[in-house]
Amino acid sequence: MAKYLYIVKTQIIKSLTYEFNVYGNILMQTIIMITSAYFWKALYRNQSVVGGVDEQSMLTYIIISSALSVLMFTNVERRIEQSVVKGTVATDMMKPVSLFGVYFAEDIGSIIALLFQNMLPILLIGGLLIKIPGMADIHDLPLFILSVILSFLINWLIAALFGMLAFTAVNIDALIQVKKHLLRLLSGSIIPIWFFPEGVANVLKALPFVYIYQLPLSIYIGRGDRAEQIAQMQIQFLWLIVLFALFFAIHHRVTRKVMVQGG
């Protein structure tokens with residue numbers, strides 16, 4: 001564990017040195033957040049409630065969604081791609097640490113740095129320019145935090161599984177960009193699933209993506225009762241188990257392939 005904590009610490013220090021990236025990310029998230037806010041204000045102009053959510057709750061949804069996007073940062077796909085392209089993947093797997101454990105620790109370190117570099121400024125800007133994103137019911141805070149943790153793990157596992165395509169496709173840079181934007185669309189980060197046509201919404205509910213953004217955001221704005229939220233979190237946890245099992249199965253297969261090809 002000490003080895004991985006050291007990696008987390010190193011990654012925090014590394015992340016804090018790239019100030020230009022920080023300012024660029026804040027600017028981009030701010031533009032998306034403000035643009036989305038004006039879109040929803042226009043939609044609610046002649047209506048008080050849409051999709052069972054009022055305008056103020058929807059604005060809170062947008063601000064917290066922008067903040068959560070910081071926590072959903074993953075670099076595991078690019079790390080796998082770089083390792084494969086450089087040809088160091090076989091030697092990396094021979095080191096006395098888990099390869100994906102290192103990637104996970106690096107992402108945790110980056111997120112800890114981003115909490116202060118990006119998330120707090122985004123919340124501050126959203127509070128000043130749009131509204132103060134207060135939680136609907138503070139008693140739901142433990143559920144919200146637990147759901148966010150599960151969301152991060154689901155998101156990271158999906159990223160890791162996607163990154164394993166590099167073992168066969170080698171260059172997946174373009175696919176990573178497509179995956180990133182498609183995931184935010186299908187997860188309810190930009191447009192909540194309850195605004196989609198019923199048939200499409202039912203399909204998306206059967207996939208793990210809505211449990212990355214929409215579930216914790218729904219808990220935050222108080223959409224649905226406590227029993228419904230807990231039921232959704234149980235499904236979220238089941239998806240986490242499924243993805244863990246799938247990750248270990250594919251990881252084992254990929255590891256054997258690399259070791260055979262690498263001698």
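Residues that are touching a residue at least 24 places away in the same chain (Cβ under 8 Å) and small (Gly, Ala, Ser) within region 87-112 comprise Ala90, Gly101, Ala105, Gly109, Ser110, listed in sequence order. Among the residues here, Val84 qualifies as hydrophobic (A, V, I, L, M, F, W, C) and modelled with pLDDT under 80.
Across region 149-192, the number of residues qualifying as of a type in the set (S, T, N, Q) and buried (at least 20 other Cβ atoms within 10 Å of the Cβ) comes to 4. Selection of helices (runs of 4 or more DSSP H) fully inside region 59-124 by the criterion of at least 3 residues being in contact with a Gly (Cβ under 6 Å, 6 or more places away or on another chain) returns 76-86.
Please go through region 124-157 and give me each residue that is within 14 Å of Asn75 (Cα to Cα) and in contact with a helix residue (DSSP H, G or I) (Cβ under 7 Å, 6 or more places away or on another chain), ordered by number.
Residues of region 124-157 within 14 Å of Asn75 (Cα to Cα): 152-153, 155-157.
Passing the criteria: Phe152, Leu153, Trp156, Leu157.
Among residues of region 4-17 that are surrounded by 13 or more Cβ atoms within 10 Å (Cβ to Cβ), those with a Cβ under 8 angstrom from a residue that is outside any helix (DSSP H, G or I), sequence gap 6+ or separate chain, pair up as Tyr4/Val97.
Residues checked against (1) farther than 21 Å from Leu59 by Cα; (2) in contact with a strand residue (DSSP E or B) (Cβ under 9 Å, 6 or more places away or on another chain); (3) surrounded by 21 or more Cβ atoms within 10 Å (Cβ to Cβ):
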| site | (1), (2), (3) |
| --- | --- |
| Gly199 | yes, no, no |
| Val203 | yes, no, no |
| Ala206 | yes, no, no |
| Phe209 | yes, no, yes |
| Leu215 | no, no, yes |
| Ile221 | no, yes, yes |
| Glu228 | yes, no, no |
| Met233 | yes, no, no |
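The number of residues in region 125-173 being of a type outside the set (A, V, I, L, M, F, W, C) and assigned to a helix (DSSP H, G or I) comes to 11.
The values are calculated or read from the model by the stated rules, or taken from the named source; none is laboratory data. Worth saying up front: this structure is predicted, and the values here are computed from it rather than measured. Cβ atoms come from the backbone with ideal geometry, glycine included; neighbour counts cover every protein chain shown.
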